[in-house]
Protein chains: 2
Amino acid sequence: MARASKREQIAQAALEQFHSRGFHATGINDITAAAGAPKGSFYNHFSSKEESALEALSRYADGLRFDILVTPGRPALDRLRAHFEFLGRMMFDSGFARGCLVGNFGAEVADHNATIRAAVRQSFDQWAGLIGQVLAEAREAGELDAGLDVDEAARFVLSAWEGTLLVARADKTSAPFDSFFHMVFGVVLR
Amino acid sequence: MARASKREQIAQAALEQFHSRGFHATGINDITAAAGAPKGSFYNHFSSKEESALEALSRYADGLRFDILVTPGRPALDRLRAHFEFLGRMMFDSGFARGCLVGNFGAEVADHNATIRAAVRQSFDQWAGLIGQVLAEAREAGELDAGLDVDEAARFVLSAWEGTLLVARADKTSAPFDSFFHMVFGVVLR
């Protein structure tokens, strides 16, 4: 029981350290210190930094609130907007820092680690797939131009979101988010 | 003369190492080894890794071919497309690796180093400003909807480009670029 709990603390600390510091700048020491655990205890639970990074990515994806996209009860585009507004609030609350862990690993690690690259790709594919389903539903409901390629539009909106987070981390203002919401919901998806 | 030439080799090696490995994964050793210089010689030319990263960013921005955006002789939107096509070819040629150094430093370093963050922000601001000028010219020429907010559209297109590079590094296919070009030039800018 104590062992399971310590694993949970280390896994959660790894997510927080990777998200705030980045992959290379995070040492095993940083993770165990943040978890209040002895350094050697990391390897009781994870075989490598890579393995803990993969679990961090999975835990991070669980917090992306895909449920907002797929829970019925309101128009499809309202759900898409609410999904990104939820994620945008996390950026505001962090002072426009940290960004998206999927994108961060894509930028920092994907070129150098095939396992992490595959996990990043899978996260993006799943995310774009869900956005595509929402857009298909919106198109079906007449909320969107009947000629819109919803799969291309979904990939594009997700790329634009990732780039918005990246630019906002340098800008430290909400201006990149204002552009995203106005352009996506006022121009792209009409 | 020899000294100036060695500085040039180290500065160019720093750009290549930061671009391919990232900031934290690049050591001074990596830079001097790539330049064929003794390790200690780095500090004859740069006071710190940060200083060489700032120069790398400046050298990288010089290669972004802003001249394609501003050189007259063809319609504004053709220039914008040619600019991104040039940058896209660099990604194809690198096997969809390395991405944009401005974005990479934005993702990996901006939260932790105010000087590099300011340089990243300045690069993005300059780039978005030039795209905004091209879009204003296109709007003036009737190539764009008269109601388009060209400054917001410029920031959005630049964010979408940065996100496209990031997703492509995980995807290792041209699909993210296809979505970018179809959506930007077929849907956003019309």
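The values are calculated or read from the model by the stated rules, or taken from the named source; none is laboratory data. Fair warning: this is a prediction, and the values are worked out from it, not measured in the lab. FYI the Cβ positions are ideal-geometry reconstructions off the backbone, even for glycines, and counts take in every protein chain you see. With ligands, DNA and RNA removed, areas are computed over all heavy atoms of the protein, side chains included. Shrake-Rupley method; radii C 1.70, N 1.55, O 1.52, S 1.80 Å.
Only one entry of B:140, B:152 meets the criterion of being surrounded by fewer than 20 Cβ atoms within 10 Å (Cβ to Cβ) and farther than 29 Å from residue A:122 by Cβ, and that entry is B:140. Residue B:128 satisfies every condition listed in (1) of a type in the set (A, V, I, L, M, F, W, C); (2) in contact with a Lys or Arg (Cβ under 8 Å, 6 or more places away or on another chain); (3) more than 10 Å from chain A (Cβ to nearest Cβ) except (3).
Criterion applied to B:37, B:33, B:56 was being among the small types (Gly, Ala, Ser), assigned to a helix (DSSP H, G or I) and either open to solvent by less than 30 Å² (accessible area, probe 1.4 Å) or in the same structural domain as residue B:123 (by TED's automatic domain parsing) (or both), and the one residue passing it is B:56. Taking the conditions (1) among the hydrophobic types (A, V, I, L, M, F, W, C); (2) surrounded by fewer than 22 Cβ atoms within 10 Å (Cβ to Cβ); (3) more than 7 Å from chain B (Cβ to nearest Cβ) in turn, residue A:165 satisfies each one other than (2).
Can residue B:6 be described as at pLDDT below 95 and either within 21 Å of residue B:103 (Cα to Cα) or of a type in the set (Lys, Arg) (or both)? Against the criterion (at pLDDT below 95 and either within 21 Å of residue B:103 (Cα to Cα) or of a type in the set (Lys, Arg) (or both)), residue B:6 qualifies.
From the set of residues in the range A:1-15 that are more than 27 Å from residue A:90 (Cα to Cα) and of a type in the set (A, V, I, L, M), which is least open to solvent (accessible area, probe 1.4 Å)? Only one residue fits best here, namely A:4.
Within the range B:68-122, if we keep just the residues that are aliphatic (A, V, I, L, M) and open to solvent by 40 Å² or more (accessible area, probe 1.4 Å), the residue that is farthest from the other protein chains (Cβ to nearest Cβ) turns out to be B:70.
Set side by side, the residues B:18, B:42 differ, and just one is within 14 Å of chain A (Cβ to nearest Cβ), surrounded by 17 or more Cβ atoms within 10 Å (Cβ to Cβ) and assigned to a helix (DSSP H, G or I), which is B:18.
Give me the pairs: first residue in the range B:171-190 and open to solvent by 40 Å² or more (accessible area, probe 1.4 Å), second residue of a type in the set (D, E, K, R), beta-carbon distance under 7 Å, and six or more apart or on different chains, which are they? Close Cβ pairs satisfying both conditions: B:182/A:152; B:190/B:145. Contact map, the range B:36-58: first residue polar (S, T, N, Q), second residue buried (at least 19 other Cβ atoms within 10 Å of the Cβ), Cβ cut-off under 6 Å, separation 6 or more or different chains; pairs are B:52/B:14; B:52/B:46.
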